[in-house]
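Here the structure is laid out as structure tokens; the discussion comes afterwards.
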Amino acid sequence: MAFVLSEEQLMIQTMARDFAREVILPTAAERDRTHEFPADNLRQMGELGFMGMMVPDTYGGAGVDAVSYVLALTEIAYACASTAVVMSVHNSICCESVLYFGNEEQKRFWLPQMCTGECIGAFALTEPHAGSDPSSQRTTAVADGDEWVINGTKQFITTGANAGVTIVTAVSDRSKRHRGISAFLVPTGTPGLIVGKAEEKLGLKASDTVQLIFEDCRVPREAMLGKPGEGFKVAMAGLDCGRIGIAAQSVGVAQACLDEAMAYTKGREQFGQLLSDFQGLRWRMAEMACEIEASRLLCLNAASLKDLGRRYTMEASMAKMFASEMVNRVAGQALQMHGGYGYCSEYPVERHYRDARVFTIYEGTSEIQRVVISNNLLGPGTRR
Ligand code: CAA
């Protein structure tokens, strides 16, 4: 790849690759079967600096750029997509939101424990009836003396059962529509924060996805993240970086699929020749490699814009849309090349195929990415 990486970026990529392949990969299939949360991996990732990558070292983070983050996350996803999504939501959305919207006290309290991986972050925006349209959320936050009282239900919350802190959005002033939504930092164990039903999913089995129920959940006034009414902005800004994370996750899983397909076709003969000698399959693998490279570059481009301090909303959506759709094509092709074996859990491609399916759905569906991209190109349109 000709995208010029610095010595430091290459070193982080190598460190993540070594850790992912030596430590995470050997147990990924087992975790897929048992659904065991990768707590050990995440603890070690905290020690290596992967749990607060873009947080400055003054708050306990690794203080590296978004490009390095993307490179590391891609490597983790190559080994285990479940571990990668926890890393992504934690770094991209939670740490970044505290860093950019938190006051000094919140940053000093939350970031050091988040950066060690001791306190993992979750992000609760989605509700049962409000997925793509989060401004229609119904969870409320009502001021009562020195506290906010939160009531409502959040849906499909990644790491909701294992997080130490959840960033929750809630309507604090109904009359102001999305400008009346605020964000709160709610520690796990706060009375009234109830972990509800865990979803039985097609993939990402080792990452918990739960409902979070808030029943008269009281948090102090100081738990508000950002200003009153800034919660929608907190969420949208967090999702910009989150979408780069999902793009990186897609690239990692796709690369794993291609590597599996190459290894398999080089080892299996049919009609007296290796599968890897059939031109039909060779060309398909060439196309897969091109698509992965294009996705990787879109992802690095969005990360570079973030590093330059430029707006990168559209580029993050482009990377997320293209890479998440790409990995589903690539995983399908890789599975097909494995024939019947690809459909069986004996080969990792079966897990990759299931894991990849959600990438075009969470952190904004492919349809929402097209809305974001077209709005950035054309403006919001006249039918609002
Ligand atoms: N950064 C900062 N602010 C932003 C922003 C961004 N990227 N995008 C929009 N905003 C602000 C706008 O400036 C505007 O603010 P003002 O009115 O104060 O000027 C406000 O947000 C509303 O903007 P829009 O009118 O564009 O908003 P909209 O209601 O039309 O919605 C949307 C836009 C893109 C459709 C948005 O609702 C959206 O992204 N929907 C998808 C939600 C989503 O991705 N959910 C995923 C759930 S999280 C998840 O999956 C995590 C997980 O656990 C894995």
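List the relative contact order of the chain as a percent without decimals, with contacts defined as Cα pairs under 8 Å and 6+ residues apart.
About 16 percent, as a whole number.
When the trypsin sites (Lys or Arg not before Pro) in the stretch 106-147 are filtered for DSSP coil states and for at most 16 other beta-carbon atoms within 10 Å of their beta-carbon, the remaining sites are ARG138. By the beta-carbon count within 10 Å of each Cβ, the least crowded to most crowded order of GLU104, GLU287, fewest first, is GLU104, GLU287.
The GluC sites (Glu not before Pro) of the stretch 339-382 meeting both criteria, a DSSP state outside H, G, I, E and B (loop) and at most 13 other C-beta atoms within 10 angstrom of the site's C-beta, are GLU346. Taking a sphere under 12 Å around the Cβ of ALA356 and counting the other residues whose Cβ falls inside, with K and R at +1 and D and E at -1, yields a net charge of +1.
Cα centroid separation, the stretch 101-141 to the stretch 41-76: 19 Å.
Put in line by how crowded their Cβ is, counting other Cβ atoms within 10 Å and starting with the fewest, SER276, SER135, SER175, SER295 read SER175, SER135, SER276, SER295. Using the alpha carbons alone, the radius of gyration of the stretch 204-318 stands to its Kirkwood radius in an Rg to Rh ratio of 1.20. Each stretch of four or more DSSP H residues adds -39500 (n - 2.57); spread over every residue of the chain, this sum gives -15500 deg cm²/dmol at 222 nm. With a 10 Å cut-off between alpha carbons and a GNM built on the chain, which of CYS344, CYS115, CYS241 moves the most? Highest fluctuation of the listed residues: CYS344. With θ taken as phi - 60° and the Karplus curve 6.51 cos²θ - 1.76 cosθ + 1.60 applied, the whole-hertz 3J(HN,Hα) list for the stretch 264-275 is 5, 5, 7, x, 10, 9, 9, 6, x, 8, 5, 4 Hz, x standing for glycine and proline. Against the empirical 2.2 N^0.38 Å (N residues), the chain has a Cα radius of gyration ratio of 0.99.
For the residue pairs LYS176/LYS201; LYS201/LYS233; LYS233/LYS306; LYS197/LYS227; LYS176/LYS227, alpha carbon separations beyond 25 Å are given by LYS176/LYS201; LYS201/LYS233; LYS197/LYS227.
For the stretch 259-382, the spherically averaged projection of the C-alpha convex hull amounts to 9.4 nm². By other beta-carbon atoms within 10 Å, ranking HIS338, HIS90, HIS352, HIS178 with the fewest at the front produces HIS178, HIS338, HIS352, HIS90.
If you take all other residues with their beta carbon under 11 Å from the beta carbon of ALA29, and give Lys and Arg +1 and Asp and Glu -1, the sum is 0.
Where a number appears in this text, it was derived from the coordinates with a stated rule and is not lab data. Only a predicted model underlies this, so the values are computations on that prediction, with no experimental measurement involved. When we count neighbours, we look across all protein chains shown, and the Cβ atoms used for this are built from the backbone with ideal geometry, even at glycine.
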